[in-house]
Each structure stands twice: as structure tokens, then as C-alpha cells.
Amino acid sequence: MSEDNCVEVADSDQVVGVRNSQLPGVRLEFPAAAWGAFVTAVRNGHFDGGHAS
């Protein structure tokens, strides 16, 4: 693992927490279903430049 990797994700059945390990007091929380939809969109290339929705 590289020391440059700063994003940490912790998930449960209902909530997913995301934080920068270099700023451990600050985190974002997402409903698990919304996080799952985001991950699916990333895997499907929806955030690659020029992708049409």
C-alpha cells in the first residue's frame, strides 16, 4: 500500500463512511444504496470524460 492512498471507506448495511486518512476527524456518510449506485456508475465508466448519461 502506498502512503499516497488517503481515502478510507467503511461500510455497514445502512451507511458508508468515507474519509481522508490524513484528516481523520472529517468524514462523509452516504446511505449504502447511494454508495452502491455510485460504485456501479464508476465501474460502468459514467465519470470518464465525455460519457453521455
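The values are calculated or read from the model by the stated rules, or taken from the named source; none is laboratory data. Please read these numbers as outputs of a predicted model, since none were measured by experiment. Here Cβ is always computed from backbone atoms with ideal geometry, including for glycine, and neighbour counts include all displayed protein chains.
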Residue satisfying all of: in the chain; in contact with a strand residue (DSSP E or B) (Cβ under 8 Å, 6 or more places away or on another chain) and charged (D, E, K, R); modelled with the highest pLDDT among these:
Glu29
Going through region 1-33 one residue at a time, which ones are out of contact with any helix residue (DSSP H, G or I) (no Cβ under 7 Å at 6 or more places or on another chain), part of a strand (DSSP E or B) and charged (D, E, K, R)?
Glu8, Arg19, Arg27, Glu29
Members of region 7-33 found to be among the acidic types (Asp, Glu) and either in contact with a Cys (Cβ under 8 Å, 6 or more places away or on another chain) or exposed (fewer than 11 other Cβ atoms within 10 Å of the Cβ) (or both), listed by number
Asp13
With respect to Gly36, determine if the residue is surrounded by 10 or more Cβ atoms within 10 Å (Cβ to Cβ) and not in a strand (DSSP E or B).
yes
